[in-house]
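> Take this structure, written in structure tokens, and hold onto it; I'll ask about it next.
The values are calculated or read from the model by the stated rules, or taken from the named source; none is laboratory data. In this text, all values refer to a predicted model and were calculated from it rather than measured experimentally. Counting neighbours? That spans all protein chains shown, and the Cβs are built from the backbone with ideal geometry, glycine included. When the accessible area is computed, the model is the full protein with side chains, heavy atoms only, and any ligands, DNA or RNA have been set aside. Shrake-Rupley method; radii C 1.70, N 1.55, O 1.52, S 1.80 Å.
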Amino acid sequence: MVSGVLMMLAVVWGADAPNPALLPPVRPVYPDYLPVFGLSIRIDPQERQVTVTEDLTWTHPGGPPVDKVVVQAHAAFMLPASEEEAMAKTLEMLRLDPRDSLGVKRPALAFQSVSVLKDGQWDEQPVRLGGATGTDLTLSLPAPVQAGGKVRARLAFTIRLDEKQGRWGLWNGVVNLMQWLPVPAVYDAERGWQPSPFLPWHQPFLNEAGHYSATIHLPAGWEIAHSGEAIEEKGAEPGWKAVRVEAMGVRDFSLAASRDYVIARTTAPVKGRNPVLVKVAALKQHGRLAEKMAALAADAVSTYSAWMGPYPWPELTNAETYFGWNGNEGGSVIMIDERVFTLPALADGFVEYLIVHETCHQWWYNAVGTDGYREPFIDEGLATALSHRLITGRRGRNNQMLTYPTGLGWLPNIPRESYRDRGWSGLVHSGFDGPVQRGMQEHGNLVKLFGTAYDKSSKVFDIIAERLGDAAFLEFLTILQREYRYRIMRAADLERELAKFTGQDWAGFFDKWWRGEGQVDWAVVSAETLTPGGPRPLARFRRQEEPTRVRVVLSRGGPTDEATSLGFRLPGQPGYPIRVPVATGLAWKGDHPPAEVSPLPDGKVQVVVELPVEPESVMVDPDLILPDPRLANNHTDIAPTFRATWLYTM
């Protein structure tokens with residue numbers, strides 16, 4: 001109150017207000033049912049083993065009494081022989097030698113004991129693993145537990161560090177432990193226990209946020225990258241050290257370690273709180289790119305915080321590992337594959353996109369949880385849409401992703417929207433497109449998942465942003481962050497919140513764009529200049545340099561109808577700055593520019609517009625917002641260009 005009064009007096013008296021001192025972070029409001037973990041972890045690279053004692057407290061969040069707790073123990077997964085061929089093909093698509101990730105014939109995780117606290121004593125029980133993938137550990141309770149009641153369990157286990165790439169293992173001196181820790185499955189009154197089966201070809205998870213306190217022992221001289229914040233580091237027995245870590249309200253506790261790590265550090269300014277410490281743990285030979293990645297991640301943290309609410313943790317760490325996938329989000333930690341660090345400066349555009357995409361998952365997966373197994377399109381669609389939005393603000397719309405040295409800009413490049421659309425467009429033309437709103441098993445493979453849950457879903461979020469307007473869209477995302485932070489947001493929640501925010505029913509929208517086929521094909525049928533002698537096609541050369549009337553006829557094909565705009569580019573202009581709204585059946589008149597939109601038979605639309613000079617080109621959906629598999633018919637680019645291009649193989 002005093003600070004507010006002083007600032008008001010400064011404004012009234014016309015004095016220069018002093019720079020305000022940084023306020024302490026707002027205390028997070030956690031749900032009272034989040035699980036609590038006490039971890040004792042010993043990482044022994046020489047013995048290729050991690051030894052863990054996990055003390056777990058689970059609180060019943062509400063609903064009928066339970067007589068068991070289901071724990072997801074994904075590191076107990078063993079790839080069935082029947083799936084080895086399909087997994088090998090997936091690894092080849094990721095440009096990995098299958099021999100570097102397959103071939104292990106026993107699970108990495110081995111339980112030594114499993115106990116539940118009963119009458120103040122640890123009651124050991126048999127290890128019972130089941131479920132669709134053999135990764136669900138069932139703990140039997142001595143008596144039913146009511147809503148609000150607590151269950152304490154102690155798990156003693158080891159993780160074998162096989163010489164392989166992937167989520168857990170030891171490869172080229174780097175220990176990787178990603179989504180490795182046994183955690184309680186999500187439980188609610190409506191659905192009961194909801195364990196997520198382990199999926200070897202992607203990383204879909206459904207976790208409650210949790211509070212982790214860990215003491216990690218590892219060899220002296222090794223650096224560790226981890227979820228949360230290091231509170232203390234001290235020496236242990238000769239040749240070892242102990243690091244105490246706290247990670248509050250995160251979806252998982254992941255870590256990586258290596259004797260060859262160097263740490264790049266920077267800070268991300270966030271309004272209303274202390275700056276976020278951003279770190280990149282990279283192998284020594286990759287220090288240059290580590291500094292660049294830290295700067296990219298810090299800028300993303302500041303931008304997303306301004307858009308959707310502050311990043312809620314004190315640190316964000318990126319770690320170089322032999323992960324296999326390009327990158328994957330964790331609880332305030334991101335794993336980046338070693339091959340990304342070896343990319344030449346030519347590919348900096350791809351590195352930028354990867355970093356801002358994975359950073360966005362700290363809002364959509366970590367802060368707000370989603371069901372990555374049954375509804376992967378929510379967090380992946382939002383992360384894809386928002387990362388493209390961020391880069392558009394930095395680099396401009398549809399910028400080129402490859403950065404050539406001076407004088408080599410004529411070489412073939414990759415427009416960012418082409419990179420975004422390539423997967424989904426390929427699915428459409430090969431007959432494998434499908435609804436966005438479906439689970440991992442319905443997708444069935446990486447190609448369908450990337451094409452629909454990432455790329456197509458992101459386009460649907462772009463349509464929502466276009467309908468709401470940029471400011472309202474970001475306000476809506478801020479509300480979701482406020483209402484669902486440290487909780488789980490389902491597709492039904494998202495639909496309900498959007499209806500509440502707008503006062504409109506969006507069921508029809510979601511029926512066609514998420515649950516339906518969700519594709520539209522707007523096309524320019526003809527574009528003519530109207531002259532006293534009659535209409536003629538737009539001129540390639542010697543265009544009219546005086547006021548000109550232009551008539552454009554559009555068609556709309558595909559199973560989904562959606563309004564868009566028609567853009568006009570005058571000579572010398574970038575993009576398509578002159579816009580006219582178009583929609584099937586729309587009759588409309590406007591003054592800026594003078595334009596008339598009229599419906600024609602067979603769902604076609606006619607636009608007649610007056611322009612100061614004859615346009616160079618016209619384009620429907622000029623911002624490339626809609627899921628349109630045939631973009632070549634969207635425009636009349638009458639100034640052909642020729643260039644070399646790469647021949648891509650899959």
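> Report, by residue number, each residue of the range 247-269 that is in a loop (DSSP other than H, G, I, E, B) and either at pLDDT below 95 or of a type in the set (Ser, Thr, Tyr) (or both).
Hit for the range 247-269 is Ser254, nothing else.
> Something else about it: Taking Ala367, is it crowded, with 21+ Cβ neighbours inside 10 Å, small (Gly, Ala, Ser) and under 24 Å from Pro622 (Cα atoms)?
Considered against the rule, which asks whether it is crowded, with 21+ Cβ neighbours inside 10 Å, small (Gly, Ala, Ser) and under 24 Å from Pro622 (Cα atoms), Ala367 comes out as no.
> Taking only the range 458-489 into account, find how many residues are out of contact with any helix residue (DSSP H, G or I) (no Cβ under 8 Å at 6 or more places or on another chain), touching a residue at least 12 places away in the same chain (Cβ under 8 Å) and not in a helix (DSSP H, G or I).
Number satisfying all stated conditions: 4.
> So, one more: Does Gly149 count as modelled with pLDDT of 95 or more and in contact with a His (Cβ under 7 Å, 6 or more places away or on another chain)?
The answer is yes for Gly149.
> Further question on the same structure: Looking only at the range 425-484, which residues are farther than 22 Å from Glu562 by Cβ and among the polar types (S, T, N, Q)?
Hits for the range 425-484 are Ser430, Gln441, Asn445, Thr478, Gln481.
> Okay, next question. For the range 359-375, what are the residues that are of a type in the set (Val, Ile, Thr) and either in a strand (DSSP E or B) or closer than 10 Å to Glu329 by Cα (or both)?
Thr359, Val368
> When the range 183-198 is examined, which residues are found to be surrounded by fewer than 17 Cβ atoms within 10 Å (Cβ to Cβ) and either of a type in the set (D, E, K, R) or over 17 Å from Leu139 (Cα atoms) (or both)?
Across the range 183-198, the qualifying residues are Asp188, Ala189, Glu190, Arg191.
> Quick one: how many residues across the range 440-464 are open to solvent by 10 Å² or more (accessible area, probe 1.4 Å) and of a type in the set (Gly, Ala, Ser)?
Looking only at that region, the number is 1.
> A further question follows. Output the residue which, of all residues in the range 552-574 that are open to solvent by less than 40 Å² (accessible area, probe 1.4 Å) and not in a strand (DSSP E or B), is farthest from Pro594 (Cα to Cα).
Only one residue fits best here, namely Thr560.
> Just need a number here: residues in the range 575-590 that are part of a loop (DSSP other than H, G, I, E, B) and under 24 Å from Glu517 (Cβ atoms).
Counting residues in the range 575-590 that are part of a loop (DSSP other than H, G, I, E, B) and under 24 Å from Glu517 (Cβ atoms) gives 4.
> Mind checking which residues of the range 475-498 are of a type outside the set (D, E, K, R) and open to solvent by 30 Å² or more (accessible area, probe 1.4 Å)?
Listed by number, the residues that qualify are Thr478, Ile479, Ala492.
> Give just the number: which of (1) within 32 Å of the chain's Cα centre (by Cα); (2) open to solvent by 40 Å² or more (accessible area, probe 1.4 Å); (3) farther than 19 Å from Leu255 by Cα; (4) at pLDDT 95 or above does Ser140 not satisfy?
It fails just one condition, (1).
> How about the range 499-515: which of its residues are crowded, with 16+ Cβ neighbours inside 10 Å and in a loop (DSSP other than H, G, I, E, B)?
Answer for the range 499-515, where residues must be crowded, with 16+ Cβ neighbours inside 10 Å and in a loop (DSSP other than H, G, I, E, B): Trp506, Trp514.
> What number of residues within the range 591-634 satisfy the criterion of being assigned to a loop (DSSP other than H, G, I, E, B), surrounded by fewer than 20 Cβ atoms within 10 Å (Cβ to Cβ), in contact (Cβ under 8 Å) with a residue 60 or more places away in the chain and of a type outside the set (A, V, I, L, M, F, W, C)?
5
> Pairs under 8 Å by beta carbon, first residue closer than 12 Å to Ser305 by Cβ in the range 254-272, partner open to solvent by 50 Å² or more (accessible area, probe 1.4 Å) and charged (D, E, K, R), six or more apart or different chains?
Ala268/Asp299
> Sticking with this structure for a sec: So which of Ile224, Ile216 ends up being more than 26 Å from the chain's Cα centre (by Cα), at pLDDT 95 or above and either among the aliphatic types (A, V, I, L, M) or surrounded by fewer than 16 Cβ atoms within 10 Å (Cβ to Cβ) (or both)?
Ile216
> What's the number of the only condition in (1) buried (at least 21 other Cβ atoms within 10 Å of the Cβ); (2) under 30 Å from Ala492 (Cα atoms) that Glu352 fails to meet?
(2)
> Now for a different question. Name the residue that is farthest from Phe568 (Cα to Cα), counting only residues in the range 532-551 that are open to solvent by 100 Å² or more (accessible area, probe 1.4 Å) and free of Cβ contacts under 8 Å to residues at least 12 places away in the same chain.
The qualifying residue farthest from Phe568 (Cα to Cα) is Pro532.
> Hey, among the residues in the range 381-406 that are open to solvent by less than 60 Å² (accessible area, probe 1.4 Å) and in a loop (DSSP other than H, G, I, E, B), which one's farthest from Gln437 (Cα to Cα)?
Across the range 381-406, the extreme among qualifying residues is Tyr404.
> What residue, among those in the range 68-99 that are closer than 14 Å to Arg167 by Cβ and either loosely packed, with under 15 Cβ neighbours inside 10 Å or touching a Gly at 6+ places or on another chain (Cβ under 8 Å) (or both), is modelled with the highest pLDDT?
Among them, the one singled out is Ala76.
> Continuing with the same structure: All but one of (1) surrounded by fewer than 16 Cβ atoms within 10 Å (Cβ to Cβ); (2) modelled with pLDDT under 95 hold for Pro126, so report the exception by its number.
For Pro126, the failing item is (2).
> Next question. Within the range 208-246, can you find the residues that are assigned to a strand (DSSP E or B), in contact (Cβ under 8 Å) with a residue 40 or more places away in the chain and not β-branched (Val, Ile, Thr)?
Gly210, His211, Tyr212, Ser213, Ala214, His217, Leu218, Pro219, Glu223, Ala225, His226, Glu229, listed by residue number.
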